[in-house]
Amino acid sequence: MKAVTEMLSPQPEITLKYDYHTNSDDYYVLSRYIESIDAYLITYTQTNDFLQPIDRNRKVFFASILAVFTLGLVVIFTFYRNYYRNIRLLERKFSQVEQGNHNTRITENTDREFYSLFRSFNHMVTEIQDLFVSLKTETELRRSAELQQLQAQINPHFLYNSLFFIMSVAQFSPDSVMRMSKHLAEYYRYLTKLDRHEVTLESELQFAEHFLIIMALSKKIEYSIDLPPELASLPLMPLIIQPVVENAIQHGIEGQQGAHRVTIDVKQTEAAITIKVSDDGKGLSLDDIRSLEARLESDSPPEGIKGVGLWNVNRRLKNTYGERSGLHFATNDWGGLSVLLLISIPDVKGDS
């Protein structure tokens, strides 16, 4: 019994193990030499029965992992492509709005994920469009009211004095009457037919010249106007030069004995168009100029009628052409006052 037990007990050092493969089956073989009987004890196990299910499960597992990974990539790619496409669409529409196209709307790719965002965008653009229409209407109404107010502010004494002059010289100077009547008619025709928000620099200077000619017929006044031909058709807001010329005569020339000269010089630089109105009147001190400029920069017009014309001109220049535009004052070589109307030219490179 002991010999049998020893014979059958595991002895790994003398047991041979190897795999055997045929065309269709796999075997696990154990071989052991038994010295007492001088024979080999061989046993084998067919491994197909338990290894094939394990191998099959392993293949199914890896195939499932591969399928899940592939499906995940497809879902991620589809989501990313849809997300990126809609973000690009939204970016393109915002760019159109930035360029001034307020009629643009998002009508494509209204997916469920982006529906609320696209609807909010369309609502926002509609509100912006309505706001611009309302702003444009209010601006047009404001400009019309402003223009009517400026037309109404033309000094009525100017007309009275002109008519009295015609009456006083009618008997002995018909030529003066004709000239006065002609320029007075041209002057008021320009005012009554002024229904545009922009005129040309040349027409504004012609209007100012009619005023100067009328004044020169009744007073000793010499004037000159220097307008470069290339600036004649420059667009300009109406009634912007005449109030400054009128101020030069009323508060400059008429306040100084012997004063009689008025000049209008137009120039262009890289940054601005300048219109300088100069007189040889009594002028202003440096403190008076600073005080005048401070009053013009006020948000409300001066009390009474003195200085209202210049305040209107300064405010209109800034509102239309930017804060760098406006009126500037300086003492000239005659000792009188020079008023500079500065119209800023937009910096295209800086704005872009």
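Short version: ³J(HN,Hα) in whole Hz for each residue of segment 332-337, in order, from phi by Karplus 6.51 cos²θ - 1.76 cosθ + 1.60 (θ = phi - 60°), x for Gly and Pro, what are they?
Rounded to whole hertz, the list is 9, 5, 7, x, x, 10.
Quick check: the distance between the Cα centres of segment 26-43 and segment 219-260, to the nearest angstrom?
131 Å
Would you mind putting 289-298, 230-239 in packing order, based on average other-beta-carbon counts within 10 Å, highest first?
230-239, 289-298
Roughly what percent of Cα-Cα pairs across segment 22-108 reach past 15 Å?
Here the long-distance tail beyond 15 Å is 79 percent of all Cα pairs in segment 22-108.
Among 252-264, 202-214, 321-333, how do they line up by average Cβ neighbours within 10 Å per residue, starting with the highest?
Taking the mean over residues of other Cβ atoms within 10 Å, the ranking is 202-214, 252-264, 321-333.
Pull up all non-local amide H partners of residue 337: gap of 5 or more, or a different chain, and H-to-H distance under 5 Å with H placed in the peptide plane.
Close amide H contacts, sequence-distant or interchain: 279, 281, 283, 332.
How large is ³J(HN,Hα) for each residue in segment 282-288, as worked out from phi by the Karplus curve 6.51 cos²θ - 1.76 cosθ + 1.60 (θ = phi - 60°), to whole Hz, x for Gly and Pro?
6, x, 9, 6, 4, 5, 5
Please report the orientation-averaged projected area of segment 213-265, defined via the convex hull of its C-alpha atoms, in nm².
About 4.2 nm², averaged over all directions.
Longer than 23 Å from Cα to Cα, which of 193/318; 182/267; 182/219; 267/318; 93/318 are they? Say none if no pair is.
Those over the limit are 193/318; 182/267; 93/318.
Please work out the FRET efficiency for the pair residue 124 and residue 79, using the Cβ-Cβ distance as r and a Förster radius of 22 Å; give the result to the nearest 0.05.
According to the calculation, E is roughly 0.30.
Skipping prolines and chain starts, which residues have an amide H placed within reach, meaning under 5 Å, of the one on residue 345, given they are 5 or more residues away or on another chain?
272, 273
Return, ordered by residue number, the residues of segment 260-291 whose backbone nitrogen is under 18 Å from a label point located 7 Å along Cα→Cβ of residue 220.
In segment 260-291, the label zone of residue 220 (backbone N under 18 Å from the point 7 Å along Cα→Cβ) covers 260-263, 279-282.
Values in this text are rule-based calculations from the coordinates and carry no lab data. Because the structure is predicted, anything quoted here is derived from the model rather than measured. When we count neighbours, we look across all protein chains shown, and the Cβ atoms used for this are built from the backbone with ideal geometry, even at glycine.
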